[in-house]
Amino acid sequence: MRISDTSPTTPSSPASPRPRDHVDVVVVGAGIAGLYALHRLRSDGWSVRVFEAGPDIGGVWFWNRYPGARCDVESVDYSYSFDTALQQEWDWSEKYATQPEILRYLHHVADRFDLRRDITLDTRVVDMSFDESSSSWTVRTDRGEEVTSRFCVLAVGPLSSANIPEIPGLDSFSGQIVHTSSWPEDVDLTGRRVGVIGTGSSGIQAIPHIAREAGDLYVFQRTANFSIPAGNRPLDAQTRAQYKRSYDERRRLSMESGGGSPHRPHPESALAVTDDERRIAYEKRWQLGGVLFSKTFPDQLTDRAANDTARSFWEQKIRAVVDDPAVAERLIPGDHPIGAKRICTDDNYFETYNRANVHLVDVRQSPIDCVVAEGIRTAGETIGLDVIVLATGFDAMTGSIDRINIVGRDGQTLKQAWSAGPRTYLGLGVDGFPNLFNIAGPGSPSVLANMVLHAELHVDWVADAIGHLDAAGRRSIEATTEAVDAWVADCADRADNTLMPQANSWYLGANVPGRPRVFMPFVGGFGVYREIIADVAADGYRGFALMPAEELT
Ligand code: N01
């Protein structure tokens, strides 16, 4: 029985439908995951409403429109796989799609599958509470709307809440301050004095573009970062046709892989091959471009000696392109293994430091004291600026979930339940919070995988689970505390067996003061994870309690 069949529905005219105040599923967020959740769940016959805080669909691909923003996963892979016709009709113009092209693609998907009619834009979900007696959620928005639903799907994105640094005096700056993740449309950097704080993926992508526009660019680097040239190029008709012919195989390989990519690592340990073989393997990955360099060899992220071989190859490449050896030295990370933070993907990043108008400020040597009206004051001087760009990243994985007051069974909030770090079963469910599903959040491969395929994997699992509950006459599904405890321990063990926790990364919440230091993504690999969650479903949703209707209080 479908809840919507029995609930009062709002009469509507086809011309101006009134949004329903009771639906089967509320989805929070209209980014890549939310859009697919709407399509899949609606195709299964459920009534769905999607709430999106932004003025447009697209999630991070709406907001992250800083100069040079593009995806660091190949466009042909960073695209939905659920519809063969969609794959065949959409033409990607470059190996790595720009932010505007990805947003155009998402608009195309929204139109093609008629998604907009169930999406409410400019509306932030602020409060969600579970009522045990009706086994339903009440969802409240910042516009005062209240909707009840049997299920809720959080598709809020793991990297969607900006991390604004607590630098004294930030408010006193007389120029413009922008954050890369909410880039205004009207920023003119031409000839201006620009300061960029942060050298993660966003900063490293934006810096070469800003350098070409700005009069002077000052890069405030706290931690040097590993980055690999993207090797971006336009895709000609022949290449596109070849991709389209190989989609099935590409998707199959991606779904089975460690990170959601069709490219396989070298079969042997980095330490088992000859120096020549190793160099050739790294060179091949270097030419492939981007983040996959961290997966050249299977033991690169588990064995420090293997990791060091990658690091020394990388260092030679960087020293060869930076003219000033002292600057090169400051740009080479010394504090973490390569790949323990997400490797950045760039477009002439290191070469940019050869420009006369680009100045590297090492914040560890000359800490930022404060921001003043005319610029940034460091240990020795005041650097005059017109624009400050905060490329300071995100309150990752849990930041956007924390912004919603989520109240589960017995009045417990999710914030309380996660006060010592996020606790989930399979990343999908939380004990005490029935019928609530989290897409690509903590406890799942999430940001370590291809986020589009990951979204599809999660949404399909959730839709199947909802269908199963319905067919079995169950009203709710909730992870058991035992299953959550075991999964949290398993995730921690897997992470501890890698080099990943050795970096102060956002994977650990280490970039946000006050966050508990817990490695949040599942590091066991996308393909392995996919098998685990499929097995749990096939085994009657092992580790979840499925409550029959008559047991409701
Ligand atoms: O954020 P980050 P990001 N003073 O956290 C520095 C995805 N992404 O937006 O390392 C001075 O990585 C901070 O320094 P430190 C991708 O998954 C993808 O760049 O903490 N500096 C760091 O250098 C990526 O990993 C794409 O010492 C301060 C920087 O700010 C993730 O998003 C593009 C500071 C933040 O780097 C996050 O990337 C963009 C302070 N007070 C993003 N506070 C693509 O697909 C912070 N920093 C290409």
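Before moving on, here are some points about what is shown:
- The lone criterion from (1) touching a residue at least 60 places away in the same chain (Cβ under 8 Å); (2) closer than 30 Å to V28 by Cα; (3) among the hydrophobic types (A, V, I, L, M, F, W, C) left unmet by I388 is number (2).
- Only listed residue being small (G, A, S) and either surrounded by fewer than 20 Cβ atoms within 10 Å (Cβ to Cβ) or in the same structural domain as V291 (by TED's automatic domain parsing) (or both), chosen from A449, A465, A479, A489: A489
Per-residue answers, yes or no, for (1) within 15 Å of the ligand (Cβ to nearest atom); (2) of a type outside the set (D, E); (3) not assigned by TED's automatic domain parsing to the domain that holds D324:
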position	(1), (2), (3)
Y349	yes, yes, no
R355	no, yes, no
P367	yes, yes, no
C370	yes, yes, no
A373	no, yes, no
G380	no, yes, no
D386	no, no, no
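- Just so you know, in segment 378-396 the residues that are at pLDDT 95 or above and surrounded by fewer than 17 Cβ atoms within 10 Å (Cβ to Cβ) include one that is nearest to D335 (Cα to Cα), and it is T382.
- Residues located in segment 70-126, provided they are in contact (Cβ under 8 Å) with a residue 60 or more places away in the chain, over 16 Å from R240 (Cβ atoms) and aliphatic (A, V, I, L, M): V73, L106, V109, A110, L115, I119, L121, V125, V126
- First in segment 166-190 and within 15 Å of the ligand (Cβ to nearest atom), second anywhere and of a type in the set (S, T, N, Q) and open to solvent by less than 30 Å² (accessible area, probe 1.4 Å), Cβ under 6 Å, 6 or more apart: T180/S202; S181/N64
- Selected residue (criterion: nearest to the chain's Cα centre (by Cα)) from residues of segment 128-165 that are within 16 Å of the ligand (Cβ to nearest atom) and among the hydrophobic types (A, V, I, L, M, F, W, C): L159
- Conditions (1) within 24 Å of S160 (Cα to Cα); (2) at pLDDT below 95; (3) polar (S, T, N, Q): number failed by S505: (2)
- Any pair with Cβ under 7 angstrom, 6 or more apart, that starts in segment 475-487 at a residue that is touching a residue at least 12 places away in the same chain (Cβ under 8 Å) and ends at one that is open to solvent by less than 30 Å² (accessible area, probe 1.4 Å) and polar (S, T, N, Q): R475/S135; S476/S135; S476/N435; I477/N435; V484/T424; W487/T424
- Filtering A340, A320, A326, A306 for residues that are modelled with pLDDT of 95 or more, among the small types (G, A, S) and under 28 Å from S160 (Cα atoms) leaves a single hit, A340.
- When L469, L414, L436, L428 are checked against the criterion of being free of Cβ contacts under 8 Å to residues at least 24 places away in the same chain and within 19 Å of W137 (Cα to Cα), L414 stands alone in meeting it.
- Segment 397-417 - residue that is open to solvent by less than 20 Å² (accessible area, probe 1.4 Å) and not polar (S, T, N, Q) and, of those, farthest from P158 (Cα to Cα): G408
Here's the yes/no breakdown for (1) farther than 19 Å from M500 by Cβ; (2) of a type outside the set (K, R); (3) assigned by TED's automatic domain parsing to the domain that holds Y353; (4) open to solvent by less than 30 Å² (accessible area, probe 1.4 Å):
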site: A270; (1), (2), (3), (4): no, yes, yes, yes
site: T274; (1), (2), (3), (4): yes, yes, yes, no
site: E277; (1), (2), (3), (4): yes, yes, yes, no
site: K284; (1), (2), (3), (4): yes, no, yes, no
site: A305; (1), (2), (3), (4): no, yes, yes, no
site: F313; (1), (2), (3), (4): yes, yes, yes, yes
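- Residue-level check: of (1) within 16 Å of the ligand (Cβ to nearest atom); (2) part of a loop (DSSP other than H, G, I, E, B), L103 misses just (2).
- Residues of segment 211-263 classified as in contact (Cβ under 8 Å) with a residue 40 or more places away in the chain, under 30 Å from G375 (Cβ atoms) and not small (G, A, S), total: 11
- Looking across segment 71-81, the residues that are open to solvent by 20 Å² or more (accessible area, probe 1.4 Å), near the ligand (Cβ under 10 Å from one of its atoms) and of a type outside the set (D, E) come down to V73, Y78.
- Residues (near the ligand (Cβ under 9 Å from one of its atoms) and of a type in the set (V, I, T)) located in segment 51-70: V60
- Conditions (1) open to solvent by 10 Å² or more (accessible area, probe 1.4 Å); (2) in contact with a helix residue (DSSP H, G or I) (Cβ under 7 Å, 6 or more places away or on another chain); (3) of a type in the set (D, E, K, R); number of the one not met by R117: (2)
- Test: G441 is closer than 25 Å to E132 by Cβ and within 16 Å of the ligand (Cβ to nearest atom): yes
- Segment 202-219, residues that are open to solvent by 10 Å² or more (accessible area, probe 1.4 Å), more than 16 Å from the ligand (Cβ to nearest atom) and assigned to a helix (DSSP H, G or I): R212, E213
- Between R240, R222, the distinction of being within 15 Å of the ligand (Cβ to nearest atom) and of a type in the set (D, E, K, R) belongs to R222 only.
- Unmet criterion (only one of (1) open to solvent by less than 30 Å² (accessible area, probe 1.4 Å); (2) in a loop (DSSP other than H, G, I, E, B); (3) more than 30 Å from N348 (Cα to Cα); (4) among the aliphatic types (A, V, I, L, M)) for A53: (1)
- Lone qualifier among D299, D324, D335 - being away from the ligand (no atom under 16 Å from the Cβ), assigned by TED's automatic domain parsing to the domain that holds G200, over 28 Å from R233 (Cβ atoms) and open to solvent by 60 Å² or more (accessible area, probe 1.4 Å): D324
- The residues of segment 280-311 that are in a helix (DSSP H, G or I), closer than 17 Å to V523 by Cα and β-branched (V, I, T) amount to a single one, V291.
- Verdict on V126 being part of a strand (DSSP E or B) and surrounded by fewer than 20 Cβ atoms within 10 Å (Cβ to Cβ): yes
The values are calculated or read from the model by the stated rules, or taken from the named source; none is laboratory data. These figures come from a predicted structure and were not determined experimentally. Quick reminder, even Gly has a Cβ in these numbers, built from the backbone with ideal geometry, and neighbours come from all protein chains shown. When the accessible area is computed, the model is the full protein with side chains, heavy atoms only, and any ligands, DNA or RNA have been set aside. Shrake-Rupley method; radii C 1.70, N 1.55, O 1.52, S 1.80 Å.
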